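*Asks:* So that we are looking at the same thing, I have put the structure below in structure tokens.
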Amino acid sequence: MLQRILSLEEYRTAYKNSLEHSEHFWADVADNFLWKKKWDKVFSGGFEKADYKWYEGGKLNITENCIDRHLKLRGNKTAIIWEPNNPTEKNRIISYNELHAEVCRLSNALEKLGVQKGDTVCIYMPMIPELTYAMLACARIGAIHSIVFGGFSAQSIADRIQDAECKWMITADGCYRGEKQLHLKKIVDEALENCPSIQKSIVFNRSDFPVSMKDGRDVWAYELLKDCSTEHVSKEMDAEDPLFILYTSGSTGKPKGVLHTTAGYMVFAAYTFLNVFQYKPEQIYWCTADIGWITGHSYIVYGPLLNGATTTMYEGVPQFPDWGRWWNVIDKYKVNIFYTAPTAIRSLEAQGLKYLEGKNLSSLRVLGSVGEPINEEAWEWYNKNIGKGKCPIVDTWWQTETGGILISPLAGITPLKPSYATLPLPGVEPILVDANGIEIQELIAEGNLCIRKSWPGQARTVYKDHERFIQTYFKTYPGKYFTGDGCRRDENGFYRITGRTDDVIKVSGHRIGTAEVENAINEDPSVVESAVVGYSHEIKGQAIMAFVILKSEAALKIKLNSESEFLIQKEIAGTVSRIIGPIAKPEKIFFVSGLPKTRSGKIMRRILRKIAEEEFDKVGDISTLLNPEVVEEIKNLVSK
Ligand code: PRX
């Protein structure tokens, strides 16, 4: 098994070694896995053409490393604890033996259906163990999973299916989230109307909602699984064979299908999980993310299972049946490592301490944070009230594209500083560059965060659009990977991520592109044009503010009847929800007569961002705008 870094001194040695003898370092880490054949070359390629490869020539199957290798010593150990939405429903405890049987059964079923190595499979599932089986079964037979978060709309699913040319769909009839019932199958049916590439849709049964099954396309999973064996010989995969696609938002255009490959991702997810959380055998680990996001991929499923850990999956929401639910879950399973997002921490903090009463959190050893900057106040609250001052908080910085954590404290090993992600993991070399792309040599500095050299978990491409991949990540600062984040470095060399420097917004930790939201708003029949920016929000970190120019009929309606304003705002929010999903709904919508534009017609979002933050004195020079007069109008609207 992998070895943990056990002291600050070891961290320093490992870090130095990882930079000086990078290939040696990563070969040593990779040596701890099951390979059907060892690699010929640890690393090749570079950033210029983004043609880097890790462990080339190696042959393996990631699910053998996640499951099979543990069976002999830990077959009866719990792999997954599943906690249902409703606390009165029975939970499920799944051992490594059971996980093996279920994944094998589904692998056989998928193969029986005709799913082949290299096929893309769209998965739209609730947080139930079958979601894990589905992704692992894909990986076992060499199919590429593309998981779509359960909060996305039919159109978002269809866009992703079309882009990845998925042949297969795996879903469920429905699910429960808090008081809500979500009819997933209905949403998928709507999506599949525009997805002729889908040959079969496999439906797991989670709810008692009535569903209609389309002849020749839809199959119940239980029917398919009935006669399938619980043994399966995994496919031999090349190290660089694709493992999964995960769509994520960027500054421009539609979400990108970020592609991760097998061996590098595996090595990196396992290595980072073990070291950051300092996971010890027999500990109970819980990450509250949804598997539909990268955090769920790497740190609910792959990272923990690769280490033979017990990972917890919770189906519901933090406030159901009340805001004490998470503390109950920690108490119930004696969770040792707890990993969540700053938005959740702030929401829980806002409830006061009454929900903590009577909850025994003494099992906790390590706390984690991910997805957005954590403010000092939330950090202190988490530390004092949840960790009782005894649990290190690992503020883990990373991205969908990085596959795993790049900058973070190692729990109990390296020092902490509130709101700082602190130090890079061994093998990761962050640098700060100024606006001209010149590397900032001073220790204390602020700039754009780049990474100097590849690491095994790095995304390999944007699915079917390598040029976009190169343009997005490697062209802004040639020779470096550009993260899109702004960052500060202190006198100790600790890094503090200050947030995105591009048109990406992190709403409650969810990544949303302004262009996507604008495109959705512009589809509304009342709208001529729109501009969207992020602004600071007390709980969500950031929220979405939209400035919208209405068609004359809609504008007239508002003039005649002020109530129409609210109705049209609602309608636009509904349009965004229908096209993207509820997570992308603007928090505030202002109707304006114009948008600040340059003479060449470019919307000046920089100005709108300052106005949205009510930093009116920082709007800067507007004299060169095409329409400087709208700035005053917009300021007045926002400050009302
Ligand atoms: O802006 C950074 C922020 O989340 C972005 C990546 O988003 P996504 O691909 O959805 O992955 C989220 C889960 C890894 C980053 O560019 N971010 C992530 N973690 C942190 C963070 N910002 C500050 N501190 C963090 N710990």
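*Asks:* Taking region 180-192, which residues are under 21 Å from residue 158 (Cβ atoms), open to solvent by 20 Å² or more (accessible area, probe 1.4 Å) and not in a loop (DSSP other than H, G, I, E, B)? Before the answer, list the steps.
*Replies:* Taking region 180-192 and keeping what is under 21 Å from residue 158 (Cβ atoms), we get 182-192.
When the remaining residues are screened for being open to solvent by 20 Å² or more (accessible area, probe 1.4 Å), the result is 182-183, 186-187, 189-190.
Selection gives 182, 186, 187, 189, 190.
*Asks:* Please verify whether region 193-211 includes one or more residues that are more than 27 Å from the chain's Cα centre (by Cα), of a type outside the set (Asp, Glu), open to solvent by 20 Å² or more (accessible area, probe 1.4 Å) and modelled with pLDDT under 95.
*Replies:* yes
*Asks:* What's the total number of residues in region 407-419 that are in a loop (DSSP other than H, G, I, E, B) and within 9 Å of the ligand (Cβ to nearest atom)? Give the derivation first.
*Replies:* Taking region 407-419 as the starting set, the residues that turn out to be in a loop (DSSP other than H, G, I, E, B) are 408-419.
Narrowing further to those that are within 9 Å of the ligand (Cβ to nearest atom): 408, 419.
Adding up the residues that qualify gives 2.
*Asks:* When region 617-638 is examined, which residues are found to be open to solvent by less than 80 Å² (accessible area, probe 1.4 Å) and out of contact with any Ser or Thr (no Cβ under 7 Å at 6 or more places or on another chain)? So that I can check it myself, show each step before the final result.
*Replies:* Let us first name the residues in region 617-638 that are open to solvent by less than 80 Å² (accessible area, probe 1.4 Å), namely 619-620, 622-623, 625, 627-628, 630-631, 633-635, 637-638.
Once the filter is applied, which keeps residues that are open to solvent by less than 80 Å² (accessible area, probe 1.4 Å) and out of contact with any Ser or Thr (no Cβ under 7 Å at 6 or more places or on another chain), region 617-638 yields 619, 620, 622, 623, 627, 628, 631, 634, 635, 637, 638.
*Asks:* Within region 270-299, how many residues turn out to be within 12 Å of the ligand (Cβ to nearest atom), surrounded by 24 or more Cβ atoms within 10 Å (Cβ to Cβ) and under 24 Å from residue 142 (Cβ atoms)?
*Replies:* Count: 4.
*Asks:* Scan region 432-456 residue by residue and report those that are under 23 Å from the mean Cα position of the chain (by Cα) and not in a loop (DSSP other than H, G, I, E, B).
*Replies:* Matches in region 432-456: 448, 449, 450, 451.
*Asks:* On to the next question. From 538, 565, 518, which residue is of a type in the set (D, E, K, R) and under 25 Å from residue 626 (Cα atoms)?
*Replies:* Among 538, 565, 518, only 518 is of a type in the set (D, E, K, R) and under 25 Å from residue 626 (Cα atoms).
*Asks:* Please give the helices (runs of 4 or more DSSP H) falling wholly within region 486-585 in which 1 or more residues are out of contact with any Leu (no Cβ under 6 Å at 6 or more places or on another chain) and touching a residue at least 40 places away in the same chain (Cβ under 8 Å). Can you show your working first?
*Replies:* Working: elements: 514-522, 552-560, 563-579.
Once the helices (runs of 4 or more DSSP H) in region 486-585 are filtered for at least 1 residues that are out of contact with any Leu (no Cβ under 6 Å at 6 or more places or on another chain) and touching a residue at least 40 places away in the same chain (Cβ under 8 Å), what remains is 514-522, 563-579.
*Asks:* Hey, another quick one. Can you tell me which residue among 281, 210 is part of a loop (DSSP other than H, G, I, E, B) and either aromatic (Phe, Trp, Tyr) or not assigned by TED's automatic domain parsing to the domain that holds residue 123 (or both)?
*Replies:* Numbers: 210 fails: either aromatic (Phe, Trp, Tyr) or not assigned by TED's automatic domain parsing to the domain that holds residue 123 (or both).
None of the other options fit; the residue is 281.
Residue-by-condition table, conditions (1) open to solvent by less than 30 Å² (accessible area, probe 1.4 Å); (2) within 16 Å of the ligand (Cβ to nearest atom); (3) over 30 Å from residue 130 (Cα atoms); (4) modelled with pLDDT under 95:
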position: 311; (1), (2), (3), (4): yes, no, no, no
position: 319; (1), (2), (3), (4): no, no, no, no
position: 336; (1), (2), (3), (4): yes, no, no, no
position: 341; (1), (2), (3), (4): yes, yes, no, no
position: 348; (1), (2), (3), (4): yes, no, no, no
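*Asks:* Considering region 247-268 alone, what residues qualify as being in a helix (DSSP H, G or I) and more than 15 Å from residue 147 (Cβ to Cβ)?
*Replies:* 262, 263, 264, 266, 267, 268
*Asks:* Now, a different point. Have a look at 177, 160, 140 and point out the one that is in contact (Cβ under 8 Å) with a residue 60 or more places away in the chain, out of contact with any helix residue (DSSP H, G or I) (no Cβ under 8 Å at 6 or more places or on another chain) and open to solvent by less than 50 Å² (accessible area, probe 1.4 Å).
*Replies:* Numbers: 177 fails: open to solvent by less than 50 Å² (accessible area, probe 1.4 Å); 140 fails: out of contact with any helix residue (DSSP H, G or I) (no Cβ under 8 Å at 6 or more places or on another chain).
That would be 160, the only listed residue that is in contact (Cβ under 8 Å) with a residue 60 or more places away in the chain, out of contact with any helix residue (DSSP H, G or I) (no Cβ under 8 Å at 6 or more places or on another chain) and open to solvent by less than 50 Å² (accessible area, probe 1.4 Å).
*Asks:* Can you pull out every residue in region 465-499 that is under 15 Å from residue 397 (Cβ atoms) and open to solvent by 50 Å² or more (accessible area, probe 1.4 Å)? Explain how you work it out, then say what you get.
*Replies:* If we filter region 465-499 for residues that are under 15 Å from residue 397 (Cβ atoms), which is where we start, we get 481-490, 493-499.
Residues satisfying the conditions are 488, 496, 498.
*Asks:* Restrict the check to region 15-38 and report whether at least one residue is at positive phi and touching a Ser or Thr at 6+ places or on another chain (Cβ under 9 Å). Please lay out each step first, then the result.
*Replies:* Of all residues in region 15-38, those at positive phi come to none.
No, because not a single residue in region 15-38 is at positive phi and touching a Ser or Thr at 6+ places or on another chain (Cβ under 9 Å).
*Asks:* Right, here's the next one. Run residue 250 past the list (1) in contact with a strand residue (DSSP E or B) (Cβ under 8 Å, 6 or more places away or on another chain); (2) surrounded by 15 or more Cβ atoms within 10 Å (Cβ to Cβ); (3) modelled with pLDDT of 95 or more and report the number of the one that doesn't hold.
*Replies:* Evaluating residue 250 over (1) in contact with a strand residue (DSSP E or B) (Cβ under 8 Å, 6 or more places away or on another chain); (2) surrounded by 15 or more Cβ atoms within 10 Å (Cβ to Cβ); (3) modelled with pLDDT of 95 or more leaves (3) as the failure.
Yes or no, residue by residue, for (1) out of contact with any Ser or Thr (no Cβ under 6 Å at 6 or more places or on another chain); (2) over 19 Å from residue 219 (Cβ atoms); (3) part of a helix (DSSP H, G or I); (4) acidic (Asp, Glu):
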{"residue": "111", "(1), (2), (3), (4)": "yes, no, yes, yes"}
{"residue": "117", "(1), (2), (3), (4)": "yes, yes, no, no"}
{"residue": "130", "(1), (2), (3), (4)": "yes, no, yes, yes"}
{"residue": "137", "(1), (2), (3), (4)": "no, no, yes, no"}
{"residue": "152", "(1), (2), (3), (4)": "yes, yes, no, no"}
{"residue": "156", "(1), (2), (3), (4)": "yes, yes, yes, no"}
{"residue": "159", "(1), (2), (3), (4)": "yes, yes, yes, yes"}
{"residue": "176", "(1), (2), (3), (4)": "yes, yes, no, no"}
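*Asks:* If the Cβ limit is 7 Å and pairs must be 6+ apart or interchain, which residue in region 433-445 that is over 11 Å from residue 480 (Cα atoms) pairs with which residue that is acidic (Asp, Glu) and in a loop (DSSP other than H, G, I, E, B)?
*Replies:* 440/434; 443/491; 444/490; 444/491
Here's the yes/no breakdown for (1) within 13 Å of the ligand (Cβ to nearest atom); (2) within 18 Å of residue 495 (Cβ to Cβ):
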| position | (1), (2) |
| --- | --- |
| 373 | yes, yes |
| 379 | yes, yes |
| 387 | no, no |
| 392 | no, yes |
| 405 | yes, yes |
| 429 | no, yes |
| 438 | no, no |
| 447 | no, yes |
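*Asks:* Working only within region 222-246, note down all residues that are farther than 27 Å from residue 150 by Cβ and assigned to a strand (DSSP E or B).
*Replies:* If the condition is that a residue be farther than 27 Å from residue 150 by Cβ and assigned to a strand (DSSP E or B), then 237, 238 are the ones that fit.
*Asks:* Could you please find all residues in region 508-533 being closer than 20 Å to residue 374 by Cα and either more than 14 Å from the ligand (Cβ to nearest atom) or open to solvent by 10 Å² or more (accessible area, probe 1.4 Å) (or both)? It would help to see each step written out before you state the result.
*Replies:* Residues of region 508-533 closer than 20 Å to residue 374 by Cα: 508-512.
508, 509, 510, 511, listed by residue number.
*Asks:* Out of curiosity, is residue 416 out of contact with any Leu (no Cβ under 9 Å at 6 or more places or on another chain), open to solvent by 20 Å² or more (accessible area, probe 1.4 Å) and of a type in the set (A, V, I, L, M)? Give the derivation first.
*Replies:* Details: out of contact with any Leu (no Cβ under 9 Å at 6 or more places or on another chain): yes; open to solvent by 20 Å² or more (accessible area, probe 1.4 Å): yes; of a type in the set (A, V, I, L, M): yes.
Yes: the conditions hold for residue 416.
*Asks:* Here is a check on your reading of the model: is residue 541 under 18 Å from the mean Cα position of the chain (by Cα) and within 16 Å of the ligand (Cβ to nearest atom)? If you could, list the steps in order and put the result at the bottom.
*Replies:* Numbers: under 18 Å from the mean Cα position of the chain (by Cα): yes; within 16 Å of the ligand (Cβ to nearest atom): yes.
Taking the combined requirement at face value, the residue satisfies it.
*Asks:* Which pairs do you get when a residue that is more than 10 Å from residue 369 (Cβ to Cβ), found in region 340-351, comes within reach of a residue that is part of a helix (DSSP H, G or I) and within 13 Å of the ligand (Cβ to nearest atom), reach meaning Cβ atoms under 6 angstrom, with the pair 6+ apart or on two chains?
*Replies:* Once the first residue is more than 10 Å from residue 369 (Cβ to Cβ) and sits in region 340-351, its partners that are part of a helix (DSSP H, G or I) and within 13 Å of the ligand (Cβ to nearest atom) give 346/378.
*Asks:* Let me ask something else. Being within 30 Å of residue 334 (Cβ to Cβ), open to solvent by 10 Å² or more (accessible area, probe 1.4 Å) and part of a strand (DSSP E or B) is the requirement here; does residue 93 meet it?
*Replies:* Details: within 30 Å of residue 334 (Cβ to Cβ): yes; open to solvent by 10 Å² or more (accessible area, probe 1.4 Å): yes; part of a strand (DSSP E or B): yes.
Yes.
The values are calculated or read from the model by the stated rules, or taken from the named source; none is laboratory data. Model, not experiment: these values are computed from the prediction. No Cβ is skipped: glycine too gets one built from the backbone with ideal geometry, and neighbour counts run over all protein chains shown. Surface areas here come from the heavy atoms of the whole protein model, side chains and all, with no ligands, DNA or RNA. Shrake-Rupley method; radii C 1.70, N 1.55, O 1.52, S 1.80 Å.
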